[in-house]
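Structure first, then comments.
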Amino acid sequence: MKLDAIIFDVGNVLVDWNPRHLYAPLFQGDTAAMERFLATICTPAWHNRLDAGESFAAVIAETIALHPEHRALIEAYDHGWPRMFRGAIPGMPELLAELAARLPLYALTNFPGEKYGDFRASFPFMGLFRDVLVSSEVRLTKPDPRIFHLAAERFGVDPAATLFIDDRADNVAAAARCGFLTHRFTDPASLKAALAAFGL
């Protein structure tokens, strides 16, 4: 089947993102304590509030009030944000450049709006996308089906001829239910094989 467009997720598809990159040094090797902190205080659900458009200042202030003994660690989620990234996934910027010469590329990312401008400036390959839908801008996050319908409308694409690529199984499943072709990203080699099956 011929593809008309591709929509990429960003974190852990194009760039290596993980709060543990920031927190491992702060916890000085105490992995168990770090995991408790990320499982009970700065959790994925907590982070999703930032992706959905709540401000860092408000969310962090609220969390410090609940856990004042962890104030410095909670504040680090804001000022230490760039240290959660370890650069581009090897090979992905080059693959993006190849694909951008052949068909329209878009991105759909769960991302805090306050941080997106600096992130985009740090990764010039983001300029290869014709448009990027950032969750915090529309106050919807994947895997909410509404953000996939919005992406199709905003990008002007037909889901049945558009490949959506994401590393999370729940996001891939939601996109499939919305009519998109999908690929769950694990590594560039597997993605290249999937693209080859579409004739790319």
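Does any residue of region 173-192 turn out to be out of contact with any Lys or Arg (no Cβ under 7 Å at 6 or more places or on another chain), on the phi > 0 side of the Ramachandran plot and in a loop (DSSP other than H, G, I, E, B)? Explain how you work it out, then say what you get.
Pass one, region 173-192, residues out of contact with any Lys or Arg (no Cβ under 7 Å at 6 or more places or on another chain): 173, 175-192.
Remaining after also requiring on the phi > 0 side of the Ramachandran plot: 179.
Retained after the next criterion (residues that are in a loop (DSSP other than H, G, I, E, B)): 179.
The answer is yes, given that some residue of region 173-192 is out of contact with any Lys or Arg (no Cβ under 7 Å at 6 or more places or on another chain), on the phi > 0 side of the Ramachandran plot and in a loop (DSSP other than H, G, I, E, B).
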Quiz prompt | Members of region 22-51 found to be open to solvent by less than 30 Å² (accessible area, probe 1.4 Å) and either closer than 17 Å to W81 by Cα or hydroxyl-bearing (S, T, Y) (or both), listed by number | solution = L22, Y23, M34, F37, L38, I41, C42, T43, W46, H47, L50, D51
Exercise. Identify all residues within region 54-71 that are under 24 Å from D16 (Cα atoms) and either open to solvent by 20 Å² or more (accessible area, probe 1.4 Å) or without any contact (Cβ under 8 Å) to a residue 12 or more places away in the chain (or both); write none if there are none.
Key: E54, S55
Self-check item: Those residues of region 165-180 which are in contact with a strand residue (DSSP E or B) (Cβ under 6 Å, 6 or more places away or on another chain) and surrounded by 18 or more Cβ atoms within 10 Å (Cβ to Cβ), in sequence order
Solution: I165, V172, A175, F180
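Look at L3 and say whether it is within 27 Å of V134 (Cβ to Cβ) and crowded, with 20+ Cβ neighbours inside 10 Å.
Criteria not met by L3.
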Exercise. Report, ordered by the first and then the second residue, all pairs with beta carbons closer than 7 Å, sequence separation of six or more or different chains, a first member in region 171-200 that is under 15 Å from L99 (Cα atoms), and a second member that is charged (D, E, K, R) and open to solvent by 60 Å² or more (accessible area, probe 1.4 Å).
Key: G199/K2; L200/R102
Quiz item: Do we have any residue at all in region 76-99 that's assigned to a helix (DSSP H, G or I), farther than 24 Å from M126 by Cα and open to solvent by 50 Å² or more (accessible area, probe 1.4 Å)?
Solution: no
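The values are calculated or read from the model by the stated rules, or taken from the named source; none is laboratory data. This one's a predicted model, so the numbers in the text were calculated from it and none came from an experiment. Virtual Cβ from ideal backbone geometry, glycine too; neighbours counted across all protein chains shown. Side chains included, ligands, DNA and RNA excluded: accessible areas come from the protein's heavy atoms. Shrake-Rupley method; radii C 1.70, N 1.55, O 1.52, S 1.80 Å.
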